[in-house]
Amino acid sequence: MSVTIDDIRAAETRIRPLIERTAMVVSPSLSDLTDATVMLKLEHRQITGSFKLRGATNAVAQLSPAQKARGVAAASTGNHGRALAHAARKEGARAIICLSRLVPQNKVEEIGRLGAEARIIGESQDEAQVEVDRLVAEEGFASIPPFDHEDVIAGQGTLGLEIMEQVPEAGTVLVPLSGGGLAAGVAAAVKALRPACRVIGISMDRGAAMKASLDAGRPVEVEEVATLADSLGGGVGLQNRLTFAMCRELLDEVVLLTEAEIAAGMRHAYMIEREIVEGAGAVGIAALLAGKARATGETVVLTTGRNVDMEQHRRVICGEIA
Ligand SMILES: *Cc1c(COP(=O)(O)O)cnc(C)c1O
């Protein structure tokens, strides 16, 4: 069971009118540093501020009219919640995003602005997830999870198709890695079209669940700790169905980064590339700066998101943290 290039092509046709085709630009400074041609895929400029819109839109678009009327639910505080709220509104579907009492008020308001209902429940994400499970079991909602789902992976994979259109000769693609929906989808597209292209996953060294799982040979749990790459936090799920096996088969390598390296990536994005990129989105740049990922030929760095707290961003830029 896996997601194929045909699934990804079908997803592309489905979501094309609803998402931005983001720009690919050369980074002269990273090219100088690495003796390769480094290109940045500016996906942090996607609508809602991250690539997660692709997978959420593809998943919502395939629901029946009856299912859209009943609604979709998720328990994400971050980029998946924003993306699902936006995608549901565009498709005329009801959406409930379940959040714990600990989620900051500005995030709650943002979900409302994007047209979804923010339901505040319990003291943790796990308790919020219990409410999602209840909505599914008792009220017929569809649960759309952030990564381990065929339609979500296929939607994220459309980024791989775009990369291959924009840089057909790519030698290396650097992809931020958490639950692995993005890396699985992008690698499935890239490897189908250009098997020789290397695809490298990049995580923070604090709580890298996919890396620990790949090393163990099965999905394992890791302790979740605060990191500048907060969008890369969380596990892969002990019952992982798809992304673990796909990442094991398709990724050439996984690289881990320290907090200081991630901060340097965010600073480079801002000061040199003139882009506001969140920690998770800057790990590809960071891996090149740290010399932990090798650029070969035309190298594509995927910058995935920009939903960073701007006070935290300021402190990183000013060198006050990491
Ligand atoms: C979710 C996310 C990732 C990681 O995607 P996975 O599919 O969970 O591996 C990377 N960057 C940003 C900005 C994200 O929101």
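The values are calculated or read from the model by the stated rules, or taken from the named source; none is laboratory data. All of these numbers come straight from a predicted model, not from anything done at the bench. Positions of Cβ are generated from backbone atoms using ideal geometry, with glycine treated the same way; all protein chains shown enter the neighbour counts. Remember, those area values only see protein heavy atoms, side chains included, never the ligands or the DNA or RNA. Shrake-Rupley method; radii C 1.70, N 1.55, O 1.52, S 1.80 Å.
Potential lengthening of the chain between residue 221 and residue 117 amounts to 34.4 nm, from the contour at 0.36 nm per residue minus the alpha-carbon distance. For the chain, the relative contact order works out to 20 percent when only alpha carbon pairs closer than 8 Å and six or more residues apart are counted. Contact order, relative form, for the stretch 53-143: 31 percent (alpha carbon pairs under 8 Å, 6 or more residues apart, mean separation divided by residue count). Over the chain, with every protein chain in place, what whole percent of the accessible area is carbon and sulfur at 1.4 Å, could you tell me? The C+S portion of the solvent-accessible surface of the chain is 49 percent.
For the stretch 53-143, the calculated P(r), taken from all Cα-Cα distances in 5 Å bins from zero up to the bin holding the longest distance, is 3, 17, 28, 26, 18, 7, 1 percent. Distance distribution note for the chain: the fraction of Cα pairs above 25 angstrom is 46%. For residue 321, the amide hydrogen comes within under 5 Å of the amide hydrogens of 316, counting only partners 5 or more places away or on other chains and with H modelled in the peptide plane. With a Förster radius of 41 Å applied to the beta-carbon distance between residue 66 and residue 35, the computed FRET efficiency rounds to 0.15.
Each label point was placed 7 Å from the Cα along the Cα-to-Cβ direction; for residue 109 and residue 321 their separation is 2.0 nm. Normalised per residue, the accessible area of the stretch 53-143 is 43 Å², obtained with a 1.4 Å probe and no contribution from ligands, DNA or RNA.
Residue ranges 211-217, 172-178, 151-157 sort as 151-157, 172-178, 211-217 when ordered by packing (mean number of other C-beta atoms within 10 Å per residue, highest first). Among the lysines, select those whose C-alpha is under 19 Å from the C-alpha of residue 90, and discard any that sit fewer than 8 residues away in the same chain. Answer for residue 90, where 19 Å is the Cα cut-off: 52, 68, listed by chain and number. Of all aspartates and glutamates in the structure, those lying under 15 Å Cα to Cα from residue 211, and not within fewer than 8 positions of it along the same chain, are 221, 223, 224, 249, 252, 253.
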